[in-house]
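A short worksheet on the structure shown next.
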Ligand SMILES: Nc1ncnc2c1ncn2[C@@H]1O[C@H](COP(=O)(O)OP(=O)(O)OP(=O)(O)O)[C@@H](O)[C@H]1O
Ligand SMILES: [Mg+2]
């Protein structure tokens, strides 16, 4: 968690300072501090129950922090009620008003802020055009498909041109194909309107493809806040390494050898990673992503880190083949190899075959001490 | 049978409706026809009754003679409905959203009076509201109320009795429709700049209208036919059309007039319900339920 608070700059849209939320004696959000900049697609990613929705609801004004500060555009809104905040929400359940037409649903916020007549018609039209729902004005929400309802919810929020749009798993109710399609759509719309998005999801793929920055949350706080590439290539905690993509974590006795961290595995093998990848602390580990590993015949020469093992499982996935390799001392490593040189399945490594695993030390990553138990 | 139905799928709904239709015919349509017939009788119990279409004159005659009681019934029923609505909505709202773990208990209290007989409850109120009952008696003896002040035998007492007796019929439907409303809709309204009052007016109230509609009918219709409250809590000045029908039928044995009045009461209620439904808008009702 990057605890240092950067000086306030003009383009900070949303700022949380040490925000904590307790429900009874249970801590739902545990001292979150972060800045979201103007026009950013910011994502809160984390497993179920880690406090994403609660964090979002506090920004929206539906929940008040037990302690801490929330600022919108430099203004303290910690205790401002929802209807007075320049923020709109796309709810997970959409929460479309069932008794109103699509037009009136979208016009709801405009009417409440005193906009009248032609201006309403024009702006609702624009919003519906943005989400490609022209011609649905007279329908009721019950007459829409899930994807359409989702887009109405988006239009209903965007039409107000809020400073910040909050989205709580807006694609959660859609099937996989529609979810991908709507994800691309969302990103397009965000770029077009230039509004800051704070997006909540537990789907790491969704988060990776859409976000400018992601805060990976666990148990009420975030463990790492970074862009998608950094999160993937340089995860700094065990939790992030395993929640975002697949990882092999090599645990053992930590040491230092010149420019490298060393980890001595229980088997006696030593693996290395350059110190400039991060601080291993006293209880960290070295990790490596499956696709960074290369499989060799046991006798083949190699440089860098090397472990010996036996293939225990092979799954052919089209683009790549995934292997599970068991090393000395029961260590299991996941390896994926692109199917470039191979044309048939018979060319893959078979369970039972002895192999050597190698990777360049600079292709690994270093996770530090775990933050919480 | 099954094979036959398979060939004629249109018959299935008819078959399913058959018991209900049979019931309606036996206990509603048949008595109604009988009553229509009776309303066109002339004569007395002693001389015997004779049917003739010419006796249709009974209708305008009865209407003219008892128009006061008719209008009074409409007035009392309407006022009672409004009183019930005004009291029931806040109560139902509180039970639905604010009562927490007391919800079931409160609902039970609302329907608890149903566990004693209707007549007994009205008689109890007669005692409570009595001129020197335990409500007015002490107030009079300490001089807070003049000696001649009374509630019993006034329109207030009758309207109070009707409102009291039909109150649960208003609370329950409103409670059900409020309870069904997704609270996230209210959150969404607040998100879209609606303050609490606006959110109530635009979201909660329209979505609760089906309950208001059902509750109002459930109070208004029986109130229109009431005679027990008027009889026990009222006076000659508060006689309702129900009292007239009752006495014409059972006391005077004037079956034709009683039947004609019953028919007009039924027609009147149907007309009122129809107008009410039109005014409130059935469209809103459908979507409110859906
Ligand atoms: N109103 C509430 N009362 C009590 N506990 C709550 C309340 N809302 C949330 N919690 C608790 O706070 C924690 C965080 O909940 P939250 O809804 O923020 O999780 P989430 O990250 O959004 O999870 P999901 O992905 O399942 O939606 C959970 O343990 C939850 O049980
Ligand atoms: Mg959630």
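None of the figures in this text is laboratory data; all of them are computed from the coordinates on show. Values in this document were obtained by computation on a predicted structure and should not be read as measured data. Cβ sites come from the backbone with ideal geometry, for glycine too, and all protein chains shown count toward neighbours.
Quick look at the numbers
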item	result
Approximate spin-label separation residue A:276-residue B:67, in nm, with each point projected 7 Å along Cα-to-Cβ	10.4
Ratio Rg/Rh, restricted to the protein assembly as shown and using Cα atoms, in which Rh is the Kirkwood radius	1.18
Translational diffusion coefficient (Stokes-Einstein; Kirkwood radius from C-alpha pairs) of the stretch B:61-289 at 20 °C, 1.002 mPa s, in µm²/s	109
Footprinting exposure proxy for A:182, B:224 (fewest neighbouring C-beta atoms within 10 Å first)	A:182, B:224
Kirkwood hydrodynamic radius of the stretch A:110-179, from inverse mean 1/r over distinct Cα pairs, in Å	13.1
Value of Rg/Rh across chain A [Cα atoms, Kirkwood radius]	1.06
Kirkwood Rh (inverse of mean 1/r, distinct Cα pairs), the stretch B:155-290, angstrom	17.4
Segment residue A:233-residue A:115, length gained on full extension (0.36 nm per residue, minus Cα span)	37.6 nm
Counting all C-alpha pairs of the stretch B:187-249, share separated by more than 21 Å (%)	52
Paramagnetic label zone (point 7 Å from Cα along Cα-to-C-beta, residue A:362; backbone N under 16 Å) in the stretch A:242-281	A:259-261, A:272-278
Under the Debye formula (equal points on every Cα, no solvent term), log10 I(q)/I(0) of the stretch A:174-323 at q = 0.12, 0.17, 0.18, 0.21 Å⁻¹	-0.68, -1.11, -1.18, -1.38
For A:97-104, mean number of other protein chain Cβ atoms within 10 Å	5
Mean residue ellipticity (222 nm) of chain B, computed from DSSP H runs ≥ 4 via -39,500 (n - 2.57), nearest 500	-22000 deg cm²/dmol
Residues residue A:126 and residue B:20, FRET efficiency given R0 of 51 Å [Cβ-Cβ distance, rounded to 0.05]	0.45
For the stretch A:272-315, average projected area of the Cα convex hull in nm²	4.6
Residues B:44, A:310, A:282 arranged by fewest to most Cβ contacts within 10 Å	A:282, B:44, A:310
Nearest-0.05 FRET efficiency for residue B:135 and residue A:18, computed from C-beta distance (R0 51 Å)	0.30
Alpha-carbon centroids, the stretch A:82-141 and the stretch B:179-218: separation in whole Å	18
Size-normalised alpha-carbon gyration radius of the stretch B:97-214, reference 2.2 N^0.38 Å	1.49
Sorted largest first, extent of the stretch A:64-180 alpha carbons per principal axis (Å)	44, 39, 23
Gap separating the Cα centres of the stretch A:237-304 and the stretch B:18-45, nearest whole Å	92
Convex hull volume per residue in cubic angstrom - Cα atoms of the stretch A:1-135	154
Taking A:349, B:23, B:125 and counting other C-beta atoms within 10 Å, the order from fewest to most	B:23, A:349, B:125
Tilt relative to chain A, helix A:102-112 - C-alpha long axis, 0 to 90 degrees, to 10	70
